[in-house]
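The values are calculated or read from the model by the stated rules, or taken from the named source; none is laboratory data. Fair warning: this is a prediction, and the values are worked out from it, not measured in the lab. Cβ atoms come from the backbone with ideal geometry, glycine included; neighbour counts cover every protein chain shown. Note: accessible area is taken over every heavy atom of the protein model, side chains too, but ligands, DNA and RNA are not part of it. Shrake-Rupley method; radii C 1.70, N 1.55, O 1.52, S 1.80 Å.
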Amino acid sequence: MMRLNFAGALVAAALILACGCAARDVGPINTVGSEAPPPTPKFITDGGDDGSTVMALAFSGGGMRASAFSFGVLTALDDIVVDEIPYRRSMVDNIRMISGVSGGAVVAAYFGLKGRDDYRDLDRRFLYQNPESTMHTSMISPIAISRAMAGGVNDRTSFARWLDRNLFDHAKFSSFRWPNAPTVWINASDIFNRTPFLFTYDTFAALCSDLDEVLISDAVAASAAFPVVFSPLVLQTRRARCQYERPEWLTRALADPRHSIRLQAYAEALDAYQKNPDLNYVRLLDGGLTDNLGITGFALERAAADTPHGPLSAEEAVKLRHFIFVIADAGRGQTEKWGRNMQNLPIGTLLTAATDTGMSASLRDEIDGLRFAVSIWRDHLVRYRCGLSKEEVRRILGTTAGWNCRDVNTIVEHLSFSDLDPDTARELNTVPTRLTLQAAQVDKLIAAGRQAVANNDRLASAVADIRRHAGVADRRLISSR
């Protein structure tokens, strides 16, 4: 037995040494250039319909649990038909902004790539597949221990490559640019600057890098790069002479101490990409470290806007009647039993509880902050609209009949397991945060997302009003023929 243990120890030591010396693929996932990259568009793309309803979706982190729940929410919205003339439209046709973190980023990116007509095969291509087949999932093997000590058990050759080959078909960010495409925000975390990292053109312009050339799979993998399980994905920023010019919002944020603290922190990070001599490489980890709900994109866009209606264009602001922001949150509720007694908590349980407590408090603050920001934005929209002349409104809408400058409804809805019956919520709260789940678990999570949409009274009320307005518009269209 002694000899076997000694031999085993030698094998383990050899594996650790060999693994520690092996090259790791963590990036860089971008290239720097000499030409000035394009900035982020000032406004989101105007929709192809009448523009009276604008939807924003944010899909939380939580591995495959979040992917399946988000997919259920998305398909439920797609099944809500709001108009049949001049063509069939569902709530999904109104999506102008879509954001995701970790597992939610997979769904957001796939919808952004495929659009409303071709995204539904995500279940077959991802939800019921086994992305973990290419990953080291045991944390007690010598190889895993060595890789963990070196910065992360899995590198870019695992989840990122699986996504590239099996789901995104080698597509780059340029593939998000199709007619009437929604704005897509993939969220990661910059662990040097301790800020959210958004895959936007402004961010990559500060890196002297072209976002269009970045693989979608790399961005999604960065968003899901949970510490230790994954190595950070790396971006290079060598302050190349690319004739970079700060966008106006960044200059304002750095100059005005009264600006949004969130926006200032992001502006300082982008400025560091250009000016910090100690920052040649940016390391990205899980977006959930800084924003597990994926709402940073809209918050920053609104804070950076230099118009009362941004990120909507002036024309879209006049057309708007309903702005609906839906957060699909697959975070798990409390399932622990240790509250029943006075026993001391083991260190692992204590650390988990402390982490969950901090994250839960942060999520509540984020949702409150988003609701406040949207409420203030509505006030600015109304003031802007009511300051327009009838001629300006007629130029945009073709008529002023039935238009009310104050008729703008904004809602922020947080969908989670708590919207379900208690037994279902308890069962889903036990689903682990992994990138592969059993088919039965996926089925229940999809159904849960659909049920969360069906149970939401404020969404139902907004849909009813959208349908009534569409009916009036349809009658006008028919009478004009």
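Key figures
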quantity: Relative packing of 76-82, 393-399, which averages over residues the other C-beta atoms within 10 Å, highest first; calculated: 76-82, 393-399
quantity: Percent accessible area from carbon and sulfur atoms, region 303-349, protein chains only, probe 1.4 Å; calculated: 50 percent
quantity: Per-residue HN-Hα couplings for region 330-336 [Karplus 6.51, -1.76, 1.60; θ = phi - 60°; Hz; x = Gly/Pro]; calculated: 9, x, 8, x, 5, 10, 6
quantity: Under-5 Å amide H pairs with residue 435, H placed in peptide plane, nonlocal only; calculated: 64
quantity: Potential lengthening between residue 383 and residue 166 on full extension [0.36 nm per residue; Cα-Cα distance subtracted]; calculated: 73.3 nm
quantity: With every protein chain in place, region 99-174: carbon and sulfur % of accessible area (1.4 Å); calculated: 46 percent
quantity: Descending semi-axes in Å of region 26-75, equivalent ellipsoid built from Cα gyration tensor; calculated: 30, 25, 7
quantity: Separation of the residue 468 and residue 194 label points, Cα + 7 Å toward Cβ, nm; calculated: 5.0 nm
quantity: Inter-centroid distance (Cα atoms) of region 335-387 relative to region 137-205, Å; calculated: 25 Å
quantity: Segments 222-229, 164-171 sorted - mean Cβ within 10 Å per residue, highest first; calculated: 222-229, 164-171
quantity: Solvent-accessible area of residue 319 with every protein chain in place, 1.4 Å probe, in Å² to the nearest 10; calculated: 60 Å²
quantity: 20 °C / 1.002 mPa s Stokes-Einstein diffusion coefficient of region 94-244, Kirkwood radius on C-alpha pairs, µm²/s; calculated: 131 µm²/s
quantity: 315, 413, ranked by accessible area, largest first (probe 1.4 Å); calculated: 315, 413
quantity: Relative packing of peptides 436-443, 265-272, 61-68 - highest average C-beta neighbours within 10 Å first; calculated: 61-68, 265-272, 436-443
quantity: Given (i) 1.16; (ii) 1.30; (iii) 1.04, the label whose value is Cα Rg over 2.2 N^0.38 Å derived from this model; calculated: (iii)
quantity: Accessible surface, the chain, averaged per residue in Å² (probe 1.4 Å); calculated: 47 Å²
quantity: Isotropically averaged projected area of region 190-304, using the convex hull of Cα atoms (one quarter of hull area), nm²; calculated: 7.1 nm²
quantity: Helix runs (DSSP H) in the chain reaching 24 Å along axis by Cα, Kyte-Doolittle at least 0.0; calculated: 2-21, 347-386
quantity: Amide H contacts of residue 230 (H built 1.01 Å from N, under 5 Å, at least 5 apart or other chain); calculated: 153, 154
quantity: Two-decimal ratio, region 33-127, of alpha-carbon radius of gyration to 2.2 N^0.38 Å; calculated: 1.21
quantity: When region 358-481 is reduced to its Cα atoms, the Kirkwood hydrodynamic radius in Å; calculated: 18.6 Å
quantity: Antiparallel DSSP beta bridges within the chain, as percent of all bridges there, nearest 5; calculated: 35 percent
quantity: For residue 99, distant residues with modelled amide H under 5 Å away; calculated: 57, 58, 59, 185
